[in-house]
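The values are calculated or read from the model by the stated rules, or taken from the named source; none is laboratory data. Note that the coordinates shown come from a computational prediction; the quantities given were computed from them, not determined experimentally. With ideal geometry, Cβ positions are generated from the backbone for all residues, glycine too; neighbour counts draw on all protein chains shown.
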Amino acid sequence: MRFGNKDLARYPFLREALSYVTKNEFKIEDLDNSEFYHLVEKAKRKIEDYVFEGKLAYQIDYNKTHEIIVQEEVIIFLISLLLIKSISIDSVTKKFALFESMRFERYLISDLDNSNQDDKTVKLILYKIFEDLFQTKVDLEVDIFNFYKIKISDYLDHPIAFQEREWNLVNRTVDKGYVYLDGSEIVRLFRNELYLLIIDRIKKMNPEVLPDMIISISDSLKSRWEKMYPPLRAPGHQDILPPCIQHIYNQIDKGENLSHPARVLLGTFLIYTNKSMEEMIDLFKRLPDYNEQITRYQLEHLAGKRGNTKQYFVPSCEKIKLNNLCFETVVCKGISNPTQLIYRKSSK
Amino acid sequence: MTSPTTSSHTSSSSDKLKDSITDSFNYPHSVEDDPNKIWLEKVFRKHYFNSSSEIELDNYVSEHEFGFRLFDGYIRRHLNFKNKRELIASIIKFSPSDIFCSPARYQHPSASMDQKGWIGADLIFDIDGKDLQLDCARIHNMTFCKNCKLIEKEVHTSCSKCNSSMVQIVELPCQNCIRNLKKEVTKLVEVLHDDFGIENNSINIFFSGNNGFHIHVVDESFFNLSSMKRSSLTQYLLGRGYLVDNLGFRIDKSDNITMLPNKIYYNKGWRARLLSRLHLQLKNHRIDDKFMRKITQIKETNKIGISGVINNQIQNISVKIDPNVTIDIHRIFRLAGTINSKSGLVKSRVNNLTTFDPFKESCIREDALVKLDAFVDTKLFFNGTSYKIKTGINNIPEFVAVYIISKGIGDIYIEKLK
Ligand code: SF4
Ligand SMILES: [Zn+2]
Ligand SMILES: [Zn+2]
């Protein structure tokens, strides 16, 4: 079972893809050679798109021979990892990993969707990827509408099963010891893993010398980032910040992404505490998948400014607990909604 | 009344305990002045002497942690026995009021918690009558006041004599309670089998000995599950956080229905159970117009609205287990085949759930007649016989007396010799 060359170009993180460049004796020091300039340039643009614009615009250039396409894609992938490693800012690493994993996720989805029922090999190869990279055994149930199935216990190895409500076991189709997932769901399930894999690859990048080219580009990206995102200042120190909200701030500070319920919690809480739209945007723009238009829309929706929707209230502690977002401490004693902590402070 | 066991009074057995003191056995013996406890300890010992073969153990006795609650009320944990024989010898010697065994197996069962070396644990479930909140229970249970010792019929939140709120509920499950508990067991077994894929012969059902059932699953693929994964299973069984979106439509706060993209909804698990309860049918795992019409009809013909109807059915389907018991992989759990001191009944294996009658199959066999001083009038059924207990002295078999004394609604009657 082997990939066609073209397929490998979409999955440059695979061992098999890497072998395409190693067999041609590619060395990192060579990147200072002008023949690689266009690849370094492409990697740089990809990072800028991801990190500063928050867009997924990267395109594979298919107008070449198959062999060259794969080689180039693998090298671009390696260059990006080197650049990110050299920038070495946690939030940048995470944002890059998120976008890069989203890119691969898209390829996977389209490969799964494009393969029709009798195109079993593609599917077999795809879940071979999953098995090799993530140690999860996935079976295809051709007889049951091409569902994939994973043993319950293996399914629960994936953090997403605990992070997001619709991915909790109770909201999955479970039968005879297996969790059933359709094509796009199975790829979603692996998003976290793909993301972690990329972060891991970045960590493992340890070249003896970095080419000058890489250093100078990463330095300029780094200073641009630092100008854009000065360190997060401690929010409203005069209030007691509910621990669940504090936890979200910490996550943002570390460059982590937020689940949908966490965004709703933060959004409603900020609205409740009368933060201006600009103050809120300033916080949300630190999220790796930030998109100004969507964020504005969502915040206005939560505030009840859009259409005829009513204002959303800050969810109750019970609901927050249900979403695993509660980090209860002594200050929470006897309250049922995080906003009560604000009353408590101001009523003194 | 013949007693084939050891000495019938406790001072000598207390001496014996001192002979064999292990670190964890330090029996201060506060029971000497309590005739009920002295008597129960004696009857329990007699029972274990005669019926030790009923105690159920797996092949890894030496890898389990055991716990004994003695009649002084204290539990000794972290006990460990080489084999069944050693365990039973110890049980007969100490005649504990309750005997516990860890569903977990450890490398060093007697070490402190963080040194034990957890190997794995059977998956256990506890279904307790208290959690069902049945109407009958409020009527046939009684209330015991810890302050003035008054026992009243029915459940009250405070004592009607002294007004103290230090009251304790005396659970006296009836056949209706048992029937409803069995329903929960049936639901649990169905999900374990159909959804989790557990073979029926790996599912062991026990009467808890008091007012509930314990289910032990002995299955390799669940033995190693972490606490967190077990909590997912309990959430599944309880239906906590279930999203209606799984049915292919969404209901907003004003009970409006919107369809979700029509994809294939594999009709299994919760979805299948819920749809069948709602009499909704998917056609070839897809939603069709008929399905839609039916939902609208449900919505329009029910005062509680579509979300009300669905939430009620979620409640009906969910299995009323106590999640904490399943999630805690380090706890000790009542050992099968031993007496529950809350009732004097045995935690016994249920072979046929439909016909199972705890008041027949879980009684201890000791049946010599004894005198009992009852605090209230009550009627009890044991072994197919009805016992009318009158306030005051009654002549009844030991297994009935054990029940009444364990429930705290009567004393053993000892003729004053002085
Ligand atoms: S108890 Fe409420 S306020 Fe406190 S952390 Fe949990 S959800 Fe937040
Ligand atoms: Zn009282
Ligand atoms: Zn009842």
**Message:** It is to be established whether one or more residues within the range B:253-261 are under 18 Å from A:Glu166 (Cβ atoms), without any contact (Cβ under 8 Å) to a residue 12 or more places away in the chain and away from chain A (no Cβ under 13 Å).
**Reply:** yes
**Request:** Would you mind telling me which numbered condition in (1) more than 14 Å from chain B (Cβ to nearest Cβ); (2) modelled with pLDDT of 85 or more A:Leu232 fails?
**Result:** (2)
**Fill in**
Scanning the range B:210-239 for residues that are aliphatic (A, V, I, L, M) and more than 9 Å from chain A (Cβ to nearest Cβ) gives B:Ile215, B:Val217, B:Val218
**Message:** Condition check: among the charged types (D, E, K, R), farther than 17 Å from B:Arg271 by Cα and not assigned by TED's automatic domain parsing to the domain that holds B:Leu192. Does B:Lys303 satisfy that?
**Reply:** yes
**Prompt:** How many residues are within 17 Å of A:Tyr148 (Cα to Cα) and either within 11 Å of another protein chain (Cβ to nearest Cβ) or in a helix (DSSP H, G or I) (or both) when one looks only at the range A:182-196?
**Reply:** 9
**Fill in**
Those residues of the range B:144-159 which are of a type in the set (S, T, N, Q) and more than 9 Å from ligand 2 (Cβ to nearest atom) amount to B:Thr157
**Matching helices (runs of 4 or more DSSP H) fully within the range A:245-348 where at least 2 residues are modelled with pLDDT of 90 or more and either more than 13 Å from ligand 1 (Cβ to nearest atom) or hydroxyl-bearing (Ser, Thr, Tyr) (or both)** = A:260-272
**Prompt:** Could you count how many residues in the range B:160-203 are β-branched (Val, Ile, Thr) and within 16 Å of ligand 2 (Cβ to nearest atom)?
**Reply:** 3
**Prompt:** Residues in the range B:178-190: is at least one away from ligand 3 (no atom under 16 Å from the Cβ) and not in a helix (DSSP H, G or I)?
**Reply:** no
**Prompt:** Somewhere in the range B:88-101, is a residue closer than 27 Å to B:Val217 by Cβ and exposed (fewer than 15 other Cβ atoms within 10 Å of the Cβ)?
**Reply:** no
**Asked** Where in the range B:310-418 are there strands (runs of 3 or more DSSP E), lying fully within it, with 2 or more residues that are surrounded by fewer than 18 Cβ atoms within 10 Å (Cβ to Cβ)?
**Response** B:369-374, B:378-382, B:385-389, B:392-397
**Item:** Hits in the range A:163-181 - residues which are more than 7 Å from every other protein chain (Cβ to nearest Cβ) and more than 15 Å from B:Gly269 (Cβ to Cβ)
**Value:** A:Gln163, A:Glu164
**Item:** Test set (1) exposed (fewer than 15 other Cβ atoms within 10 Å of the Cβ); (2) assigned to a loop (DSSP other than H, G, I, E, B) - B:Gln297 fails condition number
**Value:** (2)
